[in-house]
Amino acid sequence: MSIARFWRETPRRYNLGGSKCGNCNTVYFPPRLVCPTCPQHRATIEKMVPFQLSGEGEVVSFTVVQDAAEGFEMQVPYVLALVRTVEGPVLTGQVVDVEPKDVAIGLKVKATFRKLREEGKAGVIHYGYKFTPAAAPASAAGPRGPVEPVRPTEATARDRAVA
C-alpha cells in the first residue's frame with residue numbers, strides 16, 4: 001500500500017469512521033457517498049453523514065490461519081474473523097489477545113488499535129483496528145452517533161502508536 005493511500009484511509013482505519021444515510025439510517029463501513037439501500041440512490045447524494053462506529057460487535061464467522069501471507073509468518077496461527085458491529089456493518093479483522101481455540105461464533109468483541117504491518121525494516125509502520133474479546137457486555141447506550149471527520153496529524157498518529 002502506498003503511503004499516500006495509507007494517509008487517505010487514516011480516518012476510517014484509526015477511528016472506524018463510516019457513514020450513515022440521512023434517509024433510511026443505514027450505516028456503512030467503509031463510508032459511502034450514495035446509499036445503495038434507498039430506492040432513489042441519487043436522492044441520498046449529500047445526505048450521507050459521517051458516522052463513528054463504536055467498535056463493539058460479535059464474531060459471525062472466522063478462520064484460523066496456519067499458512068500466513070508474506071510478512072505475517074511470525075503471527076501464525078492467528079484468527080481472521082467477520083465481525084458484525086452493533087451498528088450493522090460487518091468488518092473483517094484479526095482477533096487478538098485470545099487463543100485461537102477459544103474463538104467461537106457469537107464471541108463478543110471490541111475493536112482495538114494495533115500495529116498491522118511494517119514496510120521493510122526501516123519502512124512505514126501501519127496501524128489499524130483488530131478485535132479483542134469484550135471484557136464486559138456491549139454498552140446499552142448504543143452507537144456513538146454522527147461525528148465530524150478527523151484529519152490526524154503526524155503527532156496524532158505518533159501519540160496513538162504510543163498508547
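Over 19 Å from the mean Cα position of the chain (by Cα) and either exposed (fewer than 13 other Cβ atoms within 10 Å of the Cβ) or at pLDDT 85 or above (or both): does that describe Gln52? Full working, then the answer.
Working: over 19 Å from the mean Cα position of the chain (by Cα): no; either exposed (fewer than 13 other Cβ atoms within 10 Å of the Cβ) or at pLDDT 85 or above (or both): yes.
The answer is no for Gln52.
Condition first: in a loop (DSSP other than H, G, I, E, B) and surrounded by 15 or more Cβ atoms within 10 Å (Cβ to Cβ). Now tell me which residues in the range 24-42 satisfy that.
If the condition is that a residue be in a loop (DSSP other than H, G, I, E, B) and surrounded by 15 or more Cβ atoms within 10 Å (Cβ to Cβ), then Thr26, Phe29, Pro31, Arg32, Val34, Cys35, Cys38 are the ones that fit.
Where in the range 43-138 are there strands (runs of 3 or more DSSP E), lying wholly inside it, with at least 3 residues that are without any contact (Cβ under 8 Å) to a residue 60 or more places away in the chain and closer than 22 Å to Phe29 by Cα?
Filter on the range 43-138 gives 56-65, 78-85, 90-95, 108-118, 125-133.
Going residue by residue through the range 62-80, is there one that turns out to be within 27 Å of Gly22 (Cα to Cα), at pLDDT below 95 and surrounded by 14 or more Cβ atoms within 10 Å (Cβ to Cβ)?
No, the range 62-80 has no match at all.
The values are calculated or read from the model by the stated rules, or taken from the named source; none is laboratory data. Since we're looking at a predicted model, the values are computed, not measured. Virtual Cβ from ideal backbone geometry, glycine too; neighbours counted across all protein chains shown.
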